[in-house]
Amino acid sequence: MAKIDDSLVQRYALREKILAALCQHLKKTKPQAGDTLQRLKRHLLHTSSRAPEMLLDIMLTEQKSESNLALLLLEQMESAAVKRRMQELFRDPKLTERQRAKLATLKALQEEQEETSLGEISVHNSVIGNLLEITELIWSRLEDEEIGLLWLEDYFHLPIEEKWTLVRFFLDRGERFYLPIIRLELATQDSEGVRYILEKLQNFVYPETVILLEQWAEHSEVAVRICAQSVLARVRKVLRKRRHEISASPTYPFYKAYVGEDALAGQFGVVYAVRSDAGFIKFCSVLIDSWDRGIVDCWGDVGKKAKEFASIVRALDKEIEQFSYQKADSRYALYLLHEGVRLATKRGYPLPNEFRVWRPLIEQQPYQPCNYGVTFGLACLECGNWIRFEQEKESVWVLGQVALCATCVSQKSQCEHCGGPLVVADAYALVNPSSDHVEVICKRCFSRTKRKEKPRSQ
């Protein structure tokens, strides 16, 4: 009796099993904790030692997403059988250009031969095109803030001529997940570069694009402002026509906020957190200078559980001595953040790049302008000039929410009661909120009055 060779049947079953695992992985729009490529790779290798061979077949024959995921996994696997098969395939005249480009891409990744600078890369090159497609596969599964931070760490510091080809490719693609990168790159360009990027934003027909363009539509430079307003009108028009086709961006409802204040320095620390439907928390921690600079510093994280987030807040409270973080409502935290942005913009201070990454988290939260009575932006009570602490070389007096610049302080050489000489360190100030003058008196005259407020030297 003849023996039936069922190896092809087994091979087909194994291939379908591995393909099903890839499809299941791709169905998860956002990976859960621990659901990484490394875990998927271990699972496939545990399924069969022939998994790399099946992945090679899938890479060459399946649709783009499954094919790119297979390529990405193969790059991390060592398989002599795959290398032998690749050599055979390169000699196969029946191989299509697309399949040959995939093999060349895998070979380049495995041998780490991509030494060409970004400025010399042509995006029409099939190998580079495949590399960028793989990058998209990864980025499409990350949070916006993670994409922004990756770009900030690895590419943002490069000279524009080295990354411009890549930026132009992103602008032409118009994928939603490139917006965090575009938001960062806008901050580095001259007027011409900004207008070029703004024009290209018409490829990004998303609600988030409207928010970004609205910010640039208020720019101080007329040419930039007009360009942003023009593109904004076009994007809004297309959005109205295609509102049923375009999926809404994921929304994260407010979770918790904490605020700490250093009244003597005019500083606030704000921790603002949102939570996804799956229960994962992302947050940003922002340092605000309410007297002068507005937004000073920012950092954050994603994918945290409730206990992890609580531990982070407790650690912040211990590490930053000048702040005692207290739970706050969303409106107060958003008020401080929005006013911090407004102050920095008004006084011409650039927003920290890290804040540009986390700013959409704040902008996506519903906010109605309100006033909690915090003074944002100190100005000299007597001359009206802005108090800019980094530029002041001499003492500045801050008296609660009232300030005197160094120039006006230097003119306080005599007691305004007795006319005697004034020693600044021993002087006292009498502040009338309805007046535009600070009356400064000596220590002896002070002892004769009950009205007092001793100035603090900055």
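Below, the figures for the structure above:
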{"read-out": "Amide H partners (placed H, <5 Å) of Glu261, local residues excluded", "value": "Gly269, Ser324"}
{"read-out": "Burial ranking of peptide ranges 287-300, 190-203, 306-319 (average Cβ count within 10 Å, highest at the top)", "value": "287-300, 190-203, 306-319"}
{"read-out": "Residues Glu62, Glu221, Glu185, sorted so that the one with the fewest Cβ neighbours within 10 Å comes first", "value": "Glu221, Glu62, Glu185"}
{"read-out": "Mean Cβ neighbour count within 10 Å, used as a protection proxy, ranking 343-352, 370-379 highest first", "value": "343-352, 370-379"}
{"read-out": "Spin-label zone in the range 210-233 - amide nitrogen under 20 Å from a point set 7 Å from the Cα of Glu192 along the C-beta vector", "value": "221-228"}
{"read-out": "Within the range 57-91, backbone nitrogen closer than 13 Å to the virtual label 7 Å beyond the Cα of Arg98 toward Cβ", "value": "59-68"}
{"read-out": "Full-stretch length increase - Ile320, Ser7 - with 0.36 nm per residue and alpha-carbon distance subtracted", "value": "106.2 nm"}
{"read-out": "Rounded to whole Hz, the Karplus (6.51, -1.76, 1.60) HN-Hα couplings of the range 175-192, x for glycine and proline", "value": "6, 4, 6, 8, 4, x, 6, 4, 4, 6, 5, 4, 6, 9, 8, 7, 4, 5"}
{"read-out": "Per-residue HN-Hα couplings for the range 334-342 [Karplus 6.51, -1.76, 1.60; θ = phi - 60°; Hz; x = Gly/Pro]", "value": "5, 4, 5, 5, 5, 5, x, 5, 4"}
{"read-out": "q = 0.11, 0.15, 0.17, 0.18 Å⁻¹, the range 142-241: log10 I(q)/I(0) [Debye, one scatterer per Cα]", "value": "-0.31, -0.57, -0.74, -0.83"}
{"read-out": "The range 347-362 - phi-based ³J(HN,Hα) in whole Hz, Karplus 6.51/-1.76/1.60, Gly and Pro as x", "value": "8, x, 8, x, 6, x, 4, 4, 5, 4, 5, 8, 4, x, 4, 6"}
{"read-out": "Protection-proxy order for peptides 321-327, 141-147, each taking the mean of Cβ atoms within 10 Å per residue, highest first", "value": "141-147, 321-327"}
{"read-out": "Cα-projected label distance for Val423 with Val222, points at 7 Å along beta-carbon direction, nm", "value": "5.8 nm"}
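Read the figures in this text as sums done on the coordinates, not as results from a lab. In this text the structure is predicted, and so the values were computed from the model without any measurement. For neighbour counting, all protein chains shown are included, and Cβ atoms are generated from backbone atoms with ideal geometry for every residue, glycine included.
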